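Okay, so here's the structure we're looking at.
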Amino acid sequence: MNDISKDGLRVSHSEHRVCIYRSGGEEPILVQNAEPDKRPFIHPIAAPDGAGVLTENAPPHHPWQHGLYVGLNDVNGIGFWEEGVRGNPSDGTFHPKPLQPAVMKDNQAGWTVETDWKHPSGEVMLAETQAWTLRDLGTAYLLDLEWTLQAKKELTFGRHEYGGLFIRMPYRKESGGNAMNSEGLQNAEAEGKRARWVAVSMPIEGRIGMAGVAFMDHPDNPEHPVPWRVDGQLGISPSRCIAGEWKLGLGQSQLFKHRVFVFTGAADMEQMEENWKLYAYA
C-alpha cells in the first residue's frame, strides 16, 4: 500500500482499500473496502477518542451487512441488498473499480468508489459513485457522502421497507442502545417515520460509556425529510423507497447527499440539530 500524509492524517492506499490514520497512530480510524466483485463498504470506524469500534461486519443476524454501506432491494425486480447470501436467484452483484488515491487537505481526506451494479445475467444496470469526505475534528468525525446512481437502462425502483445508506453497529440486546430522530421519536417509534436526522448511541466494547453515529438527510434530497428504517438491532437507513416507487430513464442520474456524524457519549438532541443545520445550510 502507498502512504500519503497531510497535517493530522495519514492515508494508506491500494486498489482495493483505503486506510485512514491519525498521524502517529498504529490503527486506522476508518477503512474503505472495495474488493473485486464484492459490495464496497466502510469498516472499521473507530470511535473519535480511539476507544472501541463503532461498526460491525457480517453479524450472524444479518451476514450481508457490512459496517457502513449502501444497497437497494428492488431495481427492476433485482435485489442489491442480500448479495445472494440466501441463494436468491434475483439478487444482483457489485463490481467496484480499482480505488484511486485519496485527496488530502488539512484535516480532511476524500476518496471515490465507483461500482457497477449488475443483473444476475451480467448486464450492468447501474453505475454507482460514492464520493466520501472525512473531516477529523478530534472529538468527532464528519463523514460526508455524495451518492450518485446513473441508470444504464430504464429503471424502476420499487417501494420497500428499507434501502439506501445503512449502518450496522455492534448492538447487543443485553447492553441495549438508543435511536432518536429529529422529531423526538425513539427506537421502534422512529421506524418508517420522516425525519431530518436519526442518531444511534450504544455501549461499545473497549470503552466506558456510549458512542454513536448520526445520519443526516440533506434538504436537496428527494422526499426530504425522508422516511427512515430503524430496525430491531438499531441499524438505520434514510430510505426514499419507503415513500414509494421512483424511476430513472436511460442515462439519467440521481444524487443523494448525507452526512455521517460520529461522536462519543450519548446522543444529544440539541447537538444533533445544530450539526444538521450546519450541514444543511452551509
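The values are calculated or read from the model by the stated rules, or taken from the named source; none is laboratory data. Just so we're clear, the structure is a prediction, and the values are computed from it rather than from any experiment. Note that we place each Cβ from the backbone using ideal geometry, even for glycine, and neighbour counts take in every protein chain shown. Remember, those area values only see protein heavy atoms, side chains included, never the ligands or the DNA or RNA. Shrake-Rupley method; radii C 1.70, N 1.55, O 1.52, S 1.80 Å.
Values for this structure:
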| quantity | calculated |
| --- | --- |
| Unmet criterion (only one of (1) closer than 19 Å to PHE261 by Cβ; (2) in a strand (DSSP E or B); (3) open to solvent by 10 Å² or more (accessible area, probe 1.4 Å)) for GLN150 | (1) |
| Residues within region 153-169 that are touching a Lys or Arg at 6+ places or on another chain (Cβ under 6 Å) and crowded, with 17+ Cβ neighbours inside 10 Å, tallied | 1 |
| Scan of region 49-73 for residues that are assigned to a loop (DSSP other than H, G, I, E, B), surrounded by 21 or more Cβ atoms within 10 Å (Cβ to Cβ) and of a type in the set (A, V, I, L, M), ordered by number | LEU54 |
| Candidates ARG172, ARG135 - the one that is within 23 Å of VAL53 (Cβ to Cβ), part of a strand (DSSP E or B) and either without any contact (Cβ under 8 Å) to a residue 24 or more places away in the chain or open to solvent by 60 Å² or more (accessible area, probe 1.4 Å) (or both) | ARG135 |
| Number of the exception - ASN275 against (1) open to solvent by 10 Å² or more (accessible area, probe 1.4 Å); (2) out of contact with any Leu (no Cβ under 9 Å at 6 or more places or on another chain) | (2) |
| Qualifying residues in region 212-233 (those that are touching a Lys or Arg at 6+ places or on another chain (Cβ under 9 Å) and of a type in the set (A, V, I, L, M)) - the one nearest to LEU155 (Cα to Cα) | VAL226 |
| Residue in region 8-37 that is nearest to PHE263 (Cα to Cα), counting only those that are of a type in the set (Gly, Ala, Ser) and part of a strand (DSSP E or B) | SER12 |
| Test: residue in region 76-91 that is within 28 Å of ARG135 (Cα to Cα), without any contact (Cβ under 8 Å) to a residue 24 or more places away in the chain and not small (Gly, Ala, Ser) | no |
| Given (1) at negative phi; (2) surrounded by fewer than 23 Cβ atoms within 10 Å (Cβ to Cβ); (3) of a type outside the set (Asp, Glu), number of the condition ALA46 does not satisfy | (2) |
| Candidates VAL213, VAL198, VAL260 - the one that is under 18 Å from the mean Cα position of the chain (by Cα), surrounded by fewer than 22 Cβ atoms within 10 Å (Cβ to Cβ) and in a strand (DSSP E or B) | VAL260 |
| Top-ranked residue in region 216-257 [being within 21 Å of HIS62 (Cβ to Cβ) and in a strand (DSSP E or B); ranked as most open to solvent (accessible area, probe 1.4 Å)] | ARG229 |
| Pick from region 74-115, criterion β-branched (Val, Ile, Thr) and open to solvent by 40 Å² or more (accessible area, probe 1.4 Å), ranking: farthest from LEU248 (Cα to Cα) | VAL103 |
| Single residue of GLY177, GLY192 found to be surrounded by fewer than 20 Cβ atoms within 10 Å (Cβ to Cβ), in contact with a Pro (Cβ under 8 Å, 6 or more places away or on another chain) and free of Cβ contacts under 8 Å to residues at least 60 places away in the same chain | GLY192 |
